Each structure stands twice: as structure tokens, then as C-alpha cells.
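Structure first, commentary second.
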Amino acid sequence: MGRQKIRQLTLGAWSVTIIVILLIVMFFSWMSYRFLEPFPPKTLIMATGMESGSYAALGELYRRVLARDDIRVILRPTSGAVENLKLLQDKSRVVEAGFVQGTVGGIEESSKSCISRRSVIHTIMDLL
């Protein structure tokens, strides 16, 4: 019985059905674009260490490189790699990127959870 009813639908009924489905798809596409954060982000907050240090210089380099793709980088000065790691592990996501040395206490274990929820890490040479 079900197939006979489907076959009996007129061209007008099919048109209305297709239009309704397209409107629903367009509505959900617009909602996801409007309310979900697109990838990549338009703004990136980066922990850089002391203002006159090498991390700050690298942060400036990242800012210039990412500006080419219209990504605004906000550099947040910190006391160094230990604070950067703490900020990256903070679940409130105060910062989204930061510089950390591989020898900072316990980074091998603590960075696994941190990196798994963060973006892919690139070197400066990948960006240039």
C-alpha cells in the first residue's frame, strides 16, 4: 500500500516536498554557520612568556603569519613556559595556544591531555 501512495503523488506534491526539504536543509545550514564557531577561528589567544623574551618574538611572528589568513592573534604575556602550560591545561580555555619547552616539569604526561584537545601544532617553518 505504501508504494502505491508514493507513486500516486503528483508532480506538484513532489515539488512541494522537495522545496520543504531544501528549506529545512538551508535553515539548519544557516543556523550552524550563525551559531557554531567556524574553523579556523578568527581570533587566537596565545600565551607568549615575558614581553622581551624569545616566546614574545615567536608570538609576533605567528601574529604576522596568521594575519595573512585574516586570523587575529592576541598575545598574552606570562611569566614563562610553566605558566603557559598551566593556562593551556585550564579547562576555562583562557588561552588557545602557547609556547612550552619539552623539559617543563612533567610535560610528557600532562601535555598528552592538553594536546589532544588542541589544534595541530606546527613549527614556524611550516607557516612561512
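Here, each number is a calculation from the coordinates, and none is a lab measurement. Nothing here was measured: the structure is a model prediction, and the numbers come from that model. Cβ: placed from backbone, ideal geometry, glycine included. Neighbour counts: every protein chain shown.
Residue separation of ARG64 and LYS91 scaled by 0.36 nm, minus their Cα-Cα distance, works out to 7.0 nm of gained length.
Amide hydrogen proximity for THR48: with H placed 1.01 Å from N in the peptide plane, the residues at 5 or more positions away or on another chain lying under 5 Å are ARG76, THR78. Estimated at 0.36 nm per residue, the fully extended path between PHE28 and SER15 surpasses their Cα-Cα distance by 2.7 nm.
Descending by average beta-carbon neighbour count within 10 Å, the peptides 78-89, 25-36, 60-71 line up as 78-89, 60-71, 25-36, the highest first.
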